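One structure is given below, encoded as structure tokens.
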Amino acid sequence: MFVNIKKVDSLFLINDTVLDRFNSLRKELELITLSIPSTFNRFQVWNLFVDFWVKSAFTEDDLIEHPHHSLIYIVRKTLIHEAFQLQAVQRVLPLTYKNDRFAYLFSLYTLIELDNFFTSKTRLDDEYASYYNDLMVYASKDISSYFDESFQTLETYPKLLAVTQAKVFKKITEITAKSQSELNEAVENAVKAAKDMYYLLYDAFI
């Protein structure tokens, strides 16, 4: 089920060593990873997972954002930015920086919680549901191809994708601004699940 992940798809300038480490953890924790919802097995979601783990496992001083990709993967960047502003995430970072296995579990369970949270919002907000459904058309695609030179010989700019991402970006920022308490609680649930699983797997407290 695992999507082939490439370092060139990351929001960050990462090297082979970083990506190899993620894939090593993915293999080590395969049974846990296989428990994720089937909807996660999409190109864009796996790349979100990698970037979330990178952001959790490495300090700001060790990370450089890819300037071009920040413009292409607007929704992914927004989700990560909003999540890492949450107090519950800030509190757990000292632990994830020290232990990339725990960072992997934390990222996995947090993304599941966030998926549940934003999916629930589609049932309450028809406008957001419409934007979300439009975006899902691209969930299994490598959208960077829409911005390369070969595509732009056919169309100067992927306008529909750009408009869709802009709408979802705006909605995500609106929803997160109004839902800080809910989101912090969701992350706290993810942290507890990650700690419990870490103890179960490694017989050690984190």
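The values are calculated or read from the model by the stated rules, or taken from the named source; none is laboratory data. Nothing here was measured: the structure is a model prediction, and the numbers come from that model. Quick reminder, even Gly has a Cβ in these numbers, built from the backbone with ideal geometry, and neighbours come from all protein chains shown.
Numbers for the structure displayed
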{"item": "Flag for Leu31 being within 27 Å of Tyr138 (Cβ to Cβ) and either at pLDDT 95 or above or surrounded by fewer than 14 Cβ atoms within 10 Å (Cβ to Cβ) (or both)", "result": "no"}
{"item": "Number of positions in the stretch 79-94 that are in a helix (DSSP H, G or I) and either more than 21 Å from Lys167 (Cα to Cα) or touching a strand residue (DSSP E or B) at 6+ places or on another chain (Cβ under 6 Å) (or both)", "result": "8"}
{"item": "Count of residues meeting criterion [farther than 21 Å from Gln85 by Cβ, surrounded by fewer than 12 Cβ atoms within 10 Å (Cβ to Cβ) and not aromatic (Phe, Trp, Tyr)] in the stretch 171-206", "result": "3"}
{"item": "Residue under evaluation Pro67, criteria (1) part of a loop (DSSP other than H, G, I, E, B); (2) closer than 24 Å to Glu113 by Cβ, criterion not met", "result": "(2)"}
{"item": "Test: Ser56 is outside any loop (DSSP other than H, G, I, E, B), of a type outside the set (Val, Ile, Thr) and over 19 Å from Val187 (Cα atoms)", "result": "no"}
{"item": "Residue under evaluation Val45, criteria (1) in contact (Cβ under 8 Å) with a residue 24 or more places away in the chain; (2) under 18 Å from Tyr97 (Cα atoms), criterion not met", "result": "(2)"}
{"item": "Residue selected from the stretch 34-53 under the condition of a type in the set (S, T, N, Q) and assigned to a loop (DSSP other than H, G, I, E, B), by the criterion modelled with the highest pLDDT", "result": "Ser35"}
{"item": "Only one of Ser140, Ser145, Ser130 that is modelled with pLDDT under 95, of a type in the set (Gly, Ala, Ser) and not in a helix (DSSP H, G or I)", "result": "Ser140"}
{"item": "Tabulated pairs, the stretch 5-31, first over 23 Å from Met197 (Cβ atoms), second of a type in the set (Val, Ile, Thr) and outside any helix (DSSP H, G or I), C-beta under 6 angstrom, 6+ apart or interchain", "result": "Lys7/Ile14; Leu13/Ile64"}
{"item": "Test: residue in the stretch 58-66 that is touching a strand residue (DSSP E or B) at 6+ places or on another chain (Cβ under 8 Å) and under 26 Å from Glu174 (Cα atoms)", "result": "yes"}
{"item": "Yes/no for Phe12 being within 22 Å of Glu60 (Cβ to Cβ) and under 17 Å from the mean Cα position of the chain (by Cα)", "result": "yes"}
